[in-house]
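J.: Below is one structure. I have some questions about it.
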Amino acid sequence: MESKIWLSSPHMCGKEQSFVNTAFETNWIAPLGPHVTGFENDIQSYLKGNSHVAALSSGTAAIHLALVLLGVTQGDEVICQSKTFSASANPIVYQGATPVFVDSETETWNMCPEQLEIAIKERIQKGKKPKAIIAVHLYGMPYKVDEIQKIAHTYRIPVLEDSAESLGSTYNGAHCGTFGDIAILSFNGNKIITTSGGGALVTNDIKIKEKAVYLATQAREPHPAYLHENIGYNYRLSNVLAGIGRGQMTILDERVSQRRANYDYYKSSFKDIDELVFIDEPKGCFSNRWLTCILTPSKAVREGIRVSLEALNIETRPLWKPMHQQPVFKDAPHYLNGVSDELFEKGLCLPSGSNLTENELNRVTSAIKTYFRA
Ligand SMILES: *Cc1c(COP(=O)(O)O)cnc(C)c1O
């Protein structure tokens, strides 16, 4: 059996180790310290604008804190893109609130502005105005930022921008992670850069950042005795892991180029296979191409490719199963147009790591070409 080709595996550049060593040498082995602050500053300068960043233990923790900061509580409703990873939606339930799922459009595969507006109007009619909108830049492709923003503004509902998969992507020249009232990033092991596990909350309001850090460190009041006036969380990022993040930030732009090169490689390799469709960047969108995705003609073909590659030790994965199809969310209200269901049936994510070798990419494309010749 040939060696395993992963969908997206961690890719160290070498500089991470020395940051980690510094943490050990200085004994900053805690969920605070100079690397945490340094990592936050690195992300802030990368995103440009006037972003303030709170480094946290995961992207999921960042979404949870963002919902707390947006005032989401028991009995509220929160609109969430249906086509996403479950971590976008789970924190809604942590808060005792109900997710309302909204379908995708075909240009970016992200939240459909028309369905969003229909959902907002109907929820208001039913007597419950949604407390927030969670929009996701899936696989690195920016959602329709202007359209979503306009609707959110019209109805005065804050946007939580889930940028977990899209660090390095831009929309009209501005970085993903700078559009929402609050945005989140993830540095999980499979993301474009990683701290092994980690995340961040991004805001342009320094007070929101300070409040996020306060809640993430058990909501301790500045008082010699531990004094608590609020329920807190243990969500801060470890200084050791922030050291990995500092190393990874030095190479982020190269990682974006490498992932984009994977996309180009696959697209040109399959140019003669009419059955396979790629998603181009709409005007103004620059995708980090976190994962390269293909659309096949049917679920049977999608499964055929997936299973034949699995037999060759190559990992692929269907596009995210929409949340409205998940048993755990079966009772959640949803606003559908069929797009995310069809994408789930036909779509497949190909191995997309920035560390894939020419030989590995070739194994993937050869296997898929063989499938279509058979
Ligand atoms: C990875 C991911 C998250 C969660 O991030 P973690 O750091 O793994 O908790 C949230 N949303 C999306 C879209 C993701 O891909």
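J.: For the chain, what does -39500 (n - 2.57) per DSSP helix run (n ≥ 4), summed and divided by total residues, give at 222 nm, in deg cm²/dmol to the nearest 500?
T.: That calculation yields -11500 deg cm²/dmol at 222 nm.
J.: Tally Lys and Arg at +1 and Asp and Glu at -1 over the other residues with C-beta under 15 Å from the C-beta of residue 1: what net charge comes out?
T.: Local net charge: -2.
J.: A further question follows. So how do 219-228, 177-186, 96-105 stack up, highest first, on mean other-Cβ count within 10 Å?
T.: Result, highest mean first: 177-186, 96-105, 219-228.
J.: I've got another one for you. Keeping all protein chains in place, calculate the accessible area per residue for the chain (probe 1.4 angstrom), answer in Å².
T.: 42
J.: Take residue 359 and residue 156, extend 7 Å from each Cα along the Cα→Cβ direction, and tell me the distance between the two endpoints in nm.
T.: 6.3
J.: Which one, 249, 111, 141, has the greatest fluctuation when you compute a Gaussian network model over the chain with C-alpha springs under 10 angstrom?
T.: With Cα springs under 10 Å in the chain, the top fluctuation among 249, 111, 141 is at 249.
J.: Right, another one. Given a 1.4 Å probe and every protein chain left where it sits, what share in percent of the accessible area of the chain is carbon and sulfur?
T.: Carbon and sulfur together cover 52 percent of it.
J.: Here is a follow-up. What relative contact order, as a whole-number percentage, does the stretch 1-99 give when Cα pairs under 8 Å and 6 or more residues apart are counted?
T.: 18
J.: Using a Gaussian network model on the chain with a 10 Å cutoff between Cα atoms, which of 124, 193, 294 fluctuates the most?
T.: Top of the fluctuation ranking is 124.
J.: Pairs of Cα atoms under 8 Å, at least six residues apart: use those to get the relative contact order of the chain, whole percent.
T.: That works out to 25 percent.
J.: Given the Cα-Cα distance of residue 21 and residue 4 and 0.36 nm per residue of separation, how much length would full extension add, in nm?
T.: Result for the pair: 3.1 nm of gain on full extension.
J.: Given 249, 266, 334, which one lies farthest toward the positive end of the charge dipole of the chain, if we put +1 on the Cβ of every Lys and Arg and -1 on the Cβ of every Asp and Glu?
T.: Toward the positive end, the furthest listed residue is 334.
J.: So for the stretch 252-373, averaging the separation of alpha carbon pairs under 8 Å that are six or more residues apart and normalising by length, what relative contact order in percent results?
T.: 34 percent.
J.: On a full-extension model of 0.36 nm per residue, what is the gain between residue 326 and residue 254, subtracting their alpha-carbon distance, rounded to one decimal in nm?
T.: In short, 22.3 nm is gained.
J.: Still on this structure, I have one more. Here is the link list: 191/321; 128/150; 126/283; 267/330; 83/283. Which ones come out longer than 28 Å on Cα distance?
T.: With Cα atoms farther than 28 Å apart: 126/283; 267/330.
The values are calculated or read from the model by the stated rules, or taken from the named source; none is laboratory data. What you are looking at is a predicted structure, and each value in this text was computed from that prediction instead of being measured. Glycine also receives a Cβ, built like all others from the backbone with ideal geometry; neighbour counts cover every protein chain displayed. Accessible surface areas use protein heavy atoms only, side chains included; no ligands, DNA or RNA. Shrake-Rupley method; radii C 1.70, N 1.55, O 1.52, S 1.80 Å.
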